[in-house]
Amino acid sequence: MRDIESREDIQFMVDTFYDKVKANPTIGFIFNDIAKVNWEHHLPKMYDFWSSILLNDHSYSGQPMGKHIDLSKQAPMTKVEFLEWLRLFYETVDEHFKGEVAELAKYRGRSIAGIMLYKIESNETITL
């Protein structure tokens with residue numbers, strides 16, 4: 001196996017990961033039924049996001065936290081869901097890539113999941 005080296009690798013990783021997410025019984029319904037994600041619109045944003053943080057290409061601009069906080073008011077977004085998201089992400093990376101950037105992807109995925117969960121839980125606590 002080789003490392004994540006290009007935008008094409010990012011696209012493959014993202015597409016493969018989200019194919020798993022869409023079919024997953026724990027979190028798939030959040031994306032498919034509640035958020036009703038327009039995948040043609042969403043996936044290019046995810047390519048930009050992961051390319052920016054793994055390849056330093058600065059192609060992403062946006063503020064995803066607000067959207068996730070809003071979504072958490074409609075769907076369960078607890079430690080269970082974030083751990084399942086992270087499990088699928090690690091599984092996807094480990095199945096197809098090995099190396100420094102692949103490890104960075106997993107590290108960043110874990111950090112992002114942790115920060116989002118913390119902010120969602122903090123927001124819920126504040127708004128009670």
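The values are calculated or read from the model by the stated rules, or taken from the named source; none is laboratory data. Source: prediction; values computed, not measured. Because the Cβ atoms are built from the backbone with ideal geometry, glycine has one as well, and the counts that use them run over all protein chains shown.
Miscellaneous remarks
- Filter pass, PHE97 being touching a Gly at 6+ places or on another chain (Cβ under 9 Å) and within 25 Å of SER6 (Cβ to Cβ): no
- Take the conditions (1) more than 23 Å from PRO76 (Cβ to Cβ); (2) outside any helix (DSSP H, G or I); (3) without any contact (Cβ under 8 Å) to a residue 60 or more places away in the chain; ILE4 misses just one of them, which is (3).
- Restricted to the range 1-10, and to residues there that are within 14 Å of VAL93 (Cβ to Cβ), over 13 Å from the mean Cα position of the chain (by Cα) and not basic (Lys, Arg), the residue that is surrounded by the most Cβ atoms within 10 Å (Cβ to Cβ) is ILE4.
- Options LYS67, LYS45; residue that is closer than 17 Å to ASP19 by Cβ and out of contact with any Lys or Arg (no Cβ under 8 Å at 6 or more places or on another chain): LYS45
- Note on the range 34-63: residues that are part of a helix (DSSP H, G or I) and farther than 19 Å from ASP15 by Cα total 1.
- Residue check, LYS67 part of a helix (DSSP H, G or I), modelled with pLDDT of 95 or more, among the basic types (Lys, Arg) and under 16 Å from ALA113 (Cβ atoms): no
- Filtered residue count, the range 1-54, keeping only those that are closer than 20 Å to LEU83 by Cβ, touching a Ser or Thr at 6+ places or on another chain (Cβ under 7 Å) and charged (D, E, K, R): 1
- Within the range 85-107, residues that are small (Gly, Ala, Ser) sit with their Cβ atoms under 7 Å from residues that are outside any helix (DSSP H, G or I) and modelled with pLDDT of 95 or more, at 6+ positions apart or across chains, in these pairs: GLY99/ARG2; GLY99/ASP3; ALA102/ASP3; ALA102/ILE4; ALA105/ILE4.
- Positions within the range 11-52 being in contact (Cβ under 8 Å) with a residue 24 or more places away in the chain, within 17 Å of LEU104 (Cα to Cα) and surrounded by fewer than 18 Cβ atoms within 10 Å (Cβ to Cβ), in sequence order: GLN11, PHE12
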